1. Starting from the Cα coordinates of segment 26-140, work out the convex hull volume and express it per residue in Å³.
2. With no solvent and one equal point scatterer per Cα, compute the Debye intensity ratio I(q)/I(0) for segment 79-227 at 0.10 Å⁻¹ and report its log10, rounded to two decimals.
3. In whole Å, what are the extents of segment 73-143 along the principal axes defined by its C-alpha atoms, from largest to smallest?
4. Sort the following peptides by mean Cβ neighbour count (other Cβ atoms within 10 Å, averaged over residues), highest first: 201-209, 49-57, 106-114.
5. Using R₀ = 30 Å, calculate the FRET efficiency as 1/(1 + (r/R₀)^6) where r is the Cβ-Cβ separation of His43 and Phe96; round to 0.05.
6. Can you put Arg29, Arg192, Arg216 in order, fewest other beta carbons within 10 Å first?
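Where a number appears in this text, it was derived from the coordinates with a stated rule and is not lab data. Please read these numbers as outputs of a predicted model, since none were measured by experiment. Because the Cβ atoms are built from the backbone with ideal geometry, glycine has one as well, and the counts that use them run over all protein chains shown.
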Amino acid sequence: MNAAERPTKPSAQPNALANHLAAAREEERERIARDLHDILGGHLVAIKIETALLAARLEAEPLRRRARAIQKLLDDALATVSRLTRELRPGILKDFGLGAAIECQAEDFAQRTGIACRIVCADHDIQLPQHAAVALFRIFQEALTNVCKHAQASQVAVRLTQEGDEVLLEVSDNGRGLTAADIDKPRAFGLRGMRERLDELGGRLELHPCHPSGTRLRVAIPLAAAEGSGAERCKGAQPQ
């Protein structure tokens, strides 16, 4: 097995400290998301209302154009606050499940980066404990971030399925690919963070080359205490 296909080895014993730190990180994300939505978002809405009232009283066309430009900037700022709030606190994950959250994140990624992100399969019947669903969602976010920052890709394909007693997440891109040096470099914090999350879940991470170019990231975690196992399987695909 080469370095690009090295699986994560699950920890021999549950790491209570790691679990506590992961929970603390999620709580902090939720707090920041609430502040962004309730405080910053509220202030931006108030400023937009005041700007609209001011624009209605302006008679000079150049000033009205300036006011409309400010309103457009406020709309962009509100959209950014909304996106950041979803990324920090994915309410859709709790309300509609992992499949819906994956689809929503992929759509946001495509709109933000211009990289086509195709959902090959997102099994909405998968049932995972909340902490495992959050961990898998964060791994997906990190995978997309790595594609955007390093892969030089134009397409991404995503597959989320249940196979046997495991949940599988695959993210394939048509970028420049990964080398063993990329994987083992000391500052590969994204991959290190994924492995740490998977260690806590007894999961594994594999990286494989795609043909003719690109990388397929494959994550598997055990269902463990999840309820239900009748999810349909979907055949995977990679960007053409």
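1. With only Cα atoms used, segment 26-140 gives 116 Å³ per residue.
2. After summing over all Cα pairs, the log10 values are -0.32.
3. Extents along the principal axes: 40, 23, 19 Å.
4. 201-209, 106-114, 49-57
5. According to the calculation, E is roughly 0.55.
6. Ordered from fewest to most neighbouring Cβ atoms within 10 Å, Arg29, Arg192, Arg216 come out as Arg192, Arg29, Arg216.
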